[in-house]
Amino acid sequence: MSHSFRNILVISAALLILISYGCKSTEKTVSDDSVISTETETTVSDEDISSLQKLLNDNRNSLSDIHLSQKHDMPAAFLKTDSSNESINQNPFDGYRIQILSTRELTNADSVAASFRVWSDTTITGYNAKAYVSFRQPYFKVHIGDFQQRNQANSFTQLIKQKYPDAWVVHDRINPADVPADTASFSFAKPDSTIQDTLRNPVQRE
């Protein structure tokens, strides 16, 4: 009986020792894993922070450099000066004339041009308009004056219409040297009675 009891005690003691040893191993393993895990997390965290800080510093410097050296270029169209008060026609040879005749007969065109010169020299003041004869198939045309501004051409046309009712403004190549001054004012030099005498044979445009 005592021998059996002794065996039970030995077996019980052995089991207690094994259980105790197993718990300690588990604790140690868990503890070691926790330490390793904590150390790994701390190490990764520090590395992440350092990398992030470095990335921010690098980018911050780059952005700053770009801001300081960047050229804020605008399209050339937006950098043009305001031309609202300037003449639309930048080409000095581009302008207007007044057509008073269109005919197939050169002699008729030459006659009307000469007649206009005489009439204009003795009737109109403010601008000595020249008469030009040109050929644009199939017609010979008589054009008057050289104007860069259409409003001046319109104003002069109102005077010419007294003798040439069909006069009208046309776009044409002009002689810049013969353009009237911007402040030029056109008017009749003779009394109305004399002007009426010149209206007896008006020339009509074909």
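The values are calculated or read from the model by the stated rules, or taken from the named source; none is laboratory data. These numbers come from a predicted model, not from an experiment. In this analysis, Cβ positions are derived from the backbone assuming ideal geometry, glycine residues included, and neighbour counts consider all displayed protein chains.
One table, with the values for the structure above:
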| item | result |
| --- | --- |
| Filtered residues of the stretch 149-179 (kept if within 38 Å of the chain's Cα centre (by Cα) and either in a strand (DSSP E or B) or crowded, with 21+ Cβ neighbours inside 10 Å (or both)) | Gln152, Ala153, Phe156, Thr157, Trp168, Val169, Val170, His171, Asp172, Arg173, Ile174 |
| Inter-residue pairs, beta-carbon under 7 Å, first closer than 27 Å to Thr183 by Cα and in the stretch 110-125, second among the polar types (S, T, N, Q) and at pLDDT below 95, 6+ apart | Trp119/Thr198; Thr123/Thr198; Thr125/Ser187 |
| Filtered residue count, the stretch 116-128, keeping only those that are buried (at least 19 other Cβ atoms within 10 Å of the Cβ) and either of a type in the set (D, E, K, R) or modelled with pLDDT of 95 or more (or both) | 1 |
| Any chance Asp146 is in contact (Cβ under 8 Å) with a residue 60 or more places away in the chain, buried (at least 18 other Cβ atoms within 10 Å of the Cβ) and assigned to a strand (DSSP E or B) | no |
| Odd one out for Ile100 among (1) touching a residue at least 60 places away in the same chain (Cβ under 8 Å); (2) part of a helix (DSSP H, G or I) | (2) |
